[in-house]
Amino acid sequence: MHPLEARVALKAMEAAVRGEPLSFTPADDPRPTEESQDTSAQRDNSASNLLDKTRLDAALAEYAADKSHRRKELARRIAQRALSLPCKQSSAVAAISDWCKQELESGKRPSSVWTEASSVIALLKCVPGWHEFSVPKVGELKQLKGAGKARRDAKAPMPVSVLYKVLRELPGHLPRDGGYWHAAFLLCALYGLRPREILQAGPESLQSQADVFGNEQLVFRVGLNGAKNASSERDLPVPAELKSLFDLALSRSSCNSETARTRVERLNRFVSAAQGSTEAKHTLYSVRHLFADIARACGYSDTEFGPLMGHKSMSGITSVYGGAGSLDNERSILDSVRTKLFPAGFSSFLPAELSAQAAAPKI
């Protein structure tokens, strides 16, 4: 029961006990009066509830605490485009709704529109007093319902036969001494990495650490130079036979000064060219989906290999306890996937630089 209704009911019962006739005054009416509605409207327009640049910057700093730089910039950019500051909540809802309609009318996919809109909505929830901020998906925005939900069939995995073809043909489409592109692509297949995770990393991401038993282990520290979110920051085991592959892939950072986004786009072009004239082109992300399918085929559940891919763990607060573990579970999953994906071994798919090293006689 609402506190105002409870107060009216209590007064009525006390009056009945005293034998007084029931009376109901406007002052006791729990329903909002015209005056109170005006007060609410004034409060919505008050300076304390208006969003200005200072409050937006403060909210952006809070929002970005556990988000990637790319996500932060997306939210900031959409906020600048859609909002006219200063504004109140109702104006912000209308502005973002109008922006979504314009984007949809321009032909942009609903999933892309909602990805961008949801970033600024999450940002505005960080504004004090705006924690319940939302944009109703009604009318022209009905097509956004379900647009932000991940679907297993949203991106088809790259077939194993296509993966083999790309690995064989890729060297012919790479620049001279560009074997690091080949190495990065192969590691995406072996680890299910997000393309950006390997293409923005440098040699410092490969580190040796001791587990709780004192055993030294080589790990690839994903997200050391920026991660999509907190779950994306993880340590992946690097067996001795893959160290040279990581060394080659990570040497790219000293060969050019391209941004991570440019690197992803460039490698995607190489991969597309290596597929030939096929109608259905698969991207780097298709390789990540292939890894998930192979892991399932090996008998692992999504909750078992999900954290390895940088997805949020289901274990809750317990997952943040402790320090460096042995990574035995991760090794087991990665070994199973590697064996299933390359039953005859992957030495024939290595970059030319590493194949030459493997073939050289040992002295």
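Checking the structure you have, find out if any residue of the stretch 84-94 is farther than 27 Å from His282 by Cα, surrounded by 16 or more Cβ atoms within 10 Å (Cβ to Cβ) and modelled with pLDDT under 90.
Looking for residues that are farther than 27 Å from His282 by Cα, surrounded by 16 or more Cβ atoms within 10 Å (Cβ to Cβ) and modelled with pLDDT under 90, one finds none in the stretch 84-94, hence no.
Could you tell me which of the residues Val127, Val135 is in contact with a Ser or Thr (Cβ under 7 Å, 6 or more places away or on another chain) and not in a helix (DSSP H, G or I)?
Of Val127, Val135, the one residue that is in contact with a Ser or Thr (Cβ under 7 Å, 6 or more places away or on another chain) and not in a helix (DSSP H, G or I) is Val135.
Which condition breaks for His282 when tested against (1) buried (at least 18 other Cβ atoms within 10 Å of the Cβ); (2) of a type outside the set (A, V, I, L, M); (3) part of a loop (DSSP other than H, G, I, E, B); (4) at pLDDT 90 or above?
Going through the list (1) buried (at least 18 other Cβ atoms within 10 Å of the Cβ); (2) of a type outside the set (A, V, I, L, M); (3) part of a loop (DSSP other than H, G, I, E, B); (4) at pLDDT 90 or above, His282 breaks only (4).
Quick check: anything in the stretch 165-181 modelled with pLDDT of 90 or more, under 24 Å from the mean Cα position of the chain (by Cα) and either under 30 Å from Leu242 (Cα atoms) or in a loop (DSSP other than H, G, I, E, B) (or both)?
The answer is yes; a qualifying residue exists.
I'd like to check something: does the stretch 151-161 contain any residue that is touching a helix residue (DSSP H, G or I) at 6+ places or on another chain (Cβ under 6 Å) and among the β-branched types (Val, Ile, Thr)?
So far as the stretch 151-161 goes, no, none of its residues is touching a helix residue (DSSP H, G or I) at 6+ places or on another chain (Cβ under 6 Å) and among the β-branched types (Val, Ile, Thr).
Starting from residues that are closer than 26 Å to Thr54 by Cα and surrounded by 15 or more Cβ atoms within 10 Å (Cβ to Cβ), keep the ones in the stretch 126-139 and report whichever is nearest to the chain's Cα centre (by Cα).
Cys126
Could you list, in sequence order, all residues of the stretch 192-222 that are touching a residue at least 60 places away in the same chain (Cβ under 8 Å) and in a loop (DSSP other than H, G, I, E, B)?
Gly192, Leu193, Arg194, Gln200, Asp211, Val212, Phe213, Asn215
Just the residues that are hydroxyl-bearing (Ser, Thr, Tyr) and at pLDDT 60 or above, please, taken from the stretch 300-320.
Tyr300, Ser301, Thr303, Ser313
Name every residue in the stretch 241-262 that is crowded, with 17+ Cβ neighbours inside 10 Å and at pLDDT below 90, in order of residue number.
Those that are crowded, with 17+ Cβ neighbours inside 10 Å and at pLDDT below 90: Arg252, Ser253, Ala260.
Check off (1) within 18 Å of Leu341 (Cα to Cα); (2) surrounded by 21 or more Cβ atoms within 10 Å (Cβ to Cβ); (3) out of contact with any Phe, Trp or Tyr (no Cβ under 6 Å at 6 or more places or on another chain) for Arg168 and give me the number that stays unchecked.
(2) is the only condition that Arg168 fails.
Taking Gly323, is it modelled with pLDDT under 90 and more than 30 Å from Gly178 (Cβ to Cβ)?
Judged against the criteria, Gly323 is a match.
For residues that are within 16 Å of Phe291 (Cβ to Cβ) and aliphatic (A, V, I, L, M), scanning just the stretch 182-204, find the one that is surrounded by the most Cβ atoms within 10 Å (Cβ to Cβ).
It comes out as Ile198.
For the stretch 223-230, state whether one or more residues are in contact with a His (Cβ under 8 Å, 6 or more places away or on another chain) and surrounded by 15 or more Cβ atoms within 10 Å (Cβ to Cβ).
yes
The values are calculated or read from the model by the stated rules, or taken from the named source; none is laboratory data. Everything numeric here is computed off the predicted structure, so don't read it as measured data. So basically every Cβ, Gly included, is an ideal-geometry build from the backbone, and we count neighbours across all protein chains shown.
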